[in-house]
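Structure record follows, encoded as structure tokens.
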Amino acid sequence: MPHMKNHQTNRKVDVLFIGAHQDDVEATVGGIMLSLVDRGYEVEILDLTRRRGMYYSEEEERDKEAECAAKVLGVRRTVVDMGMLKVSNTHGNRLRIAEIIRTKKPDVIVTHPDDPSHPDHKAAHQLVRDAIHYGFATAIKTKHPPWRIKKVYYFPLFHTRGIPPNGFLVDVSKYFETKMEALKCYASQMLFHAHNQKYELEYLTAMNRYWGLMIKKDYAEVILADMPQLEPFPELEKK
């Protein structure tokens with residue numbers, strides 16, 4: 001398990017992972033995130049909502065679960081709570097995310113693809129895309145100067161079976177157990193009852209194992225890029 005870093009609030013971030021809900025990032029690309037931390041990159045998570053309702057726990061407990069997962073992953077996280085099923089691509093929300101981008105100055109952002117399976121995921125995709133544009137547009141005035149990221153990547157749909165044409169596989173065998181440890185922090189969801197454990201944890205294990213076998217590794221995750229490339233995150237400086 002990676003050690004927690006001594007983060008500074010004004011420290012530049014290398015990779016900013018933006019998820020509509022707490023646990024979206026960990027479930028899809030938690031291993032990739034761990035690999036970046038292990039290589040010495042400054043990594044943060046931005047959640048657009050706090051989950052509540054359905055069978056999820058109350059907000060206070062959910063925040064504790066999210067912080068537990070962040071500690072296991074060795075990353076820092078913040079939340080801009082737009083409300084469950086209320087994520088929307090408004091001018092005000094674009095400004096909020098653009099200001100965070102300008103503050104943290106990430107080289108790379110990883111977020112949702114255009115995902116029709118959940119309204120928050122679909123809205124988050126275009127919201128983040130537009131906020132990235134707001135982030136470097138000089139016509140948009142915020143407290144911080146414009147910042148242009150180098151690249152945006154996307155994590156896959158939760159129920160991806162094949163590998164999309166713009167996707168490639170990343171070996172996460174070394175980090176898989178820690179990823180699952182982080183997901184177990186979300187006990188109100190992942191460990192809620194036997195059905196959830198089978199649906200959430202066993203499903204993710206099976207998918208990561210399946211993808212790993214495709215590249216002759218124990219476990220792998222998928223990440224999506226706009227253009228084909230030979231290796232993930234070439235925009236980052238070598239460490």
Practice item. Could you please find all residues in the stretch 181-224 being modelled with pLDDT under 90 and of a type in the set (Gly, Ala, Ser)? Key: 187, 188, 194
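Could you say which residue among 145, 165 is at pLDDT 95 or above and closer than 30 Å to residue 98 by Cα? If you could, list the steps in order and put the result at the bottom.
On the way: 165 fails: at pLDDT 95 or above.
Of 145, 165, the one residue that is at pLDDT 95 or above and closer than 30 Å to residue 98 by Cα is 145.
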Point to revise | Inter-residue pairs, beta-carbon under 7 Å, first on the phi > 0 side of the Ramachandran plot and in the stretch 218-239, second assigned to a loop (DSSP other than H, G, I, E, B) and modelled with pLDDT of 75 or more, 6+ apart | key: none
Exercise for review: Inspect all residues belonging to the stretch 114-123 and state whether any of them is within 18 Å of the chain's Cα centre (by Cα), within 20 Å of residue 43 (Cα to Cα) and of a type in the set (Ser, Thr, Tyr).
Suggested key: no
Check your understanding: In this structure, does residue 57 turn out to be surrounded by fewer than 21 Cβ atoms within 10 Å (Cβ to Cβ) and at pLDDT below 90?
Key -> yes
Point to revise | Failed item, numbered, when residue 143 is tested on (1) farther than 26 Å from residue 26 by Cα; (2) assigned to a strand (DSSP E or B) | key: (2)
Review point. When the residues of the stretch 30-39 are filtered to those that are of a type outside the set (A, V, I, L, M, F, W, C) and either in contact with an Asp or Glu (Cβ under 9 Å, 6 or more places away or on another chain) or buried (at least 23 other Cβ atoms within 10 Å of the Cβ) (or both), which remaining residue is farthest from residue 221 (Cα to Cα)?
Key: 35
Practice item. Could you grab me the full set of residues in the stretch 84-113 that are of a type in the set (D, E, K, R) and either over 14 Å from residue 47 (Cβ atoms) or at pLDDT 95 or above (or both)? Key: 94, 96, 99, 102, 104, 105, 107
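The values are calculated or read from the model by the stated rules, or taken from the named source; none is laboratory data. None of these values were measured; they are calculated from a predicted model. Quick reminder, even Gly has a Cβ in these numbers, built from the backbone with ideal geometry, and neighbours come from all protein chains shown.
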